[in-house]
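Worksheet: one structure, shown below.
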Amino acid sequence: MSFFNIKEKVTGSFESGGGNFDPIPDGTQVLASCDEAKIDNYQGDDYISLRWSVLAPVEYKNRKLFQKVKVFSDDQKIAEKAKRMLAAIDANAGGLLMASDDEPTGESLTKALVNKPMILRLAVWDIEGKKGNWVSAVAPKNATSPAPAPAPAKAKKLEIELGDVPF
């Protein structure tokens, strides 16, 4: 029997259907599990690439979300923020990466993060008319919601008494 035992005539064109999903609304919380974790590279820049599969709510079940965690960025602010995100994800997944204290590898990321459900809060990005989701916060799977992002430190008011300053 032929491998290509196709009942319809093959014309050279095919469309699988599905596909065109609107982003999940901004601020939505989902239960998701990382199903792929690896080190990736784009235009010479390494980053951690995570692929999440939504488990709940049912209207988004099996949707895929992609996250770039730029822990290797040359910009220290970006790298620090990304390391905090990775540490939170790792803590929710059992803490194996932080316990090892080593730089993550593809193998260690897979072992530590894959199939560990947690709550994700999603935001929507919009670039040149294209839209998608990004992960804005994470929390343990039994949390009611992800912790809010820390508020920026308030600048202290500097008060100077000029009465005793000789000019």
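Every read-out reported here was derived from the displayed coordinates using simple, explicitly stated rules and does not represent laboratory data. Keep in mind that this is a model prediction, so the values were computed, not measured. Reconstructed Cβ throughout: ideal geometry from the backbone, glycine too, with neighbour counts over all protein chains shown.
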Seminar exercise, completed: Matching residues in the range 17-53 (in contact (Cβ under 8 Å) with a residue 40 or more places away in the chain and under 21 Å from Val138 (Cα atoms)) number 20
Seminar exercise, completed: Of the listed residues (Asp90, Asp35), the one being among the charged types (D, E, K, R) and farther than 24 Å from Lys131 by Cβ is Asp90
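With the requirement that a residue be over 19 Å from Asn115 (Cα atoms) and in contact with a Phe, Trp or Tyr (Cβ under 8 Å, 6 or more places away or on another chain), what does the range 47-81 give you?
Tyr47, Lys70, Val71, Phe72, Ser73, Ala79
For the structure I just gave you, tell me whether Ala79 is on the phi < 0 side of the Ramachandran plot, of a type in the set (A, V, I, L, M) and surrounded by fewer than 17 Cβ atoms within 10 Å (Cβ to Cβ).
So Ala79 passes the test.
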Seminar exercise, completed: Val69 vs (1) under 21 Å from Val124 (Cβ atoms); (2) more than 14 Å from the chain's Cα centre (by Cα): all pass except (2)
